[in-house]
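Below is one structure, written out as structure tokens, with a few remarks after it.
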Amino acid sequence: MGRCRRERAPPLHSVPGVTTLASRPGRGVAQLPKKITFNPRRIGGEWCLEARFPGGRTVALRGFKTEGDVKEWLGSTRRRTWVRDNGYPDE
């Protein structure tokens, strides 16, 4: 993926429950996950989280100094608040 950038995703107020992708004939329809997924990455001396939205859009959350900081944020109310602020229900 490239380098992490500091960016805040705009709130999404009208997100459908399930997003489907058009498929080739005879192959069925693939469904994307209904929630934001997080992928921790180390870039240089900094940790960041790539937040992937159901539509495929990716936002990098930066500023973590250690892997422990990443794990702490993932288990905190700050993550749940960030998810809600971006238009998705609490997981």
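Look at the dipole of region 35-85 built from charges on Cβ: of Cys48, Thr37, Val70, the Cα furthest out on the positive end belongs to Thr37.
Packing around the peptides 64-74, 49-59, taken as the average count of other Cβ atoms within 10 Å per residue, puts them in this order, highest first: 49-59, 64-74.
Above 12 Å, the calculated P(r) of region 35-85 contains 63 percent of its Cα-Cα pairs. Here the dipole of region 35-85 is about 180 debye; that uses its Cα centre as origin and unit charges on the Cβ of Lys and Arg (positive) and Asp and Glu (negative). Each residue of region 70-79 is assigned a 3J(HN,Hα), and the resulting list reads 4, 4, 4, 4, 5, x, 9, 5, 4, 5 Hz, derived from the Karplus form 6.51 cos²θ - 1.76 cosθ + 1.60 (θ = phi - 60°), x at Gly and Pro.
Coordinate-derived values only; no laboratory data. These figures come from a predicted structure and were not determined experimentally. We place every Cβ from the backbone using ideal geometry, glycine too, and count neighbours over all the protein chains shown.
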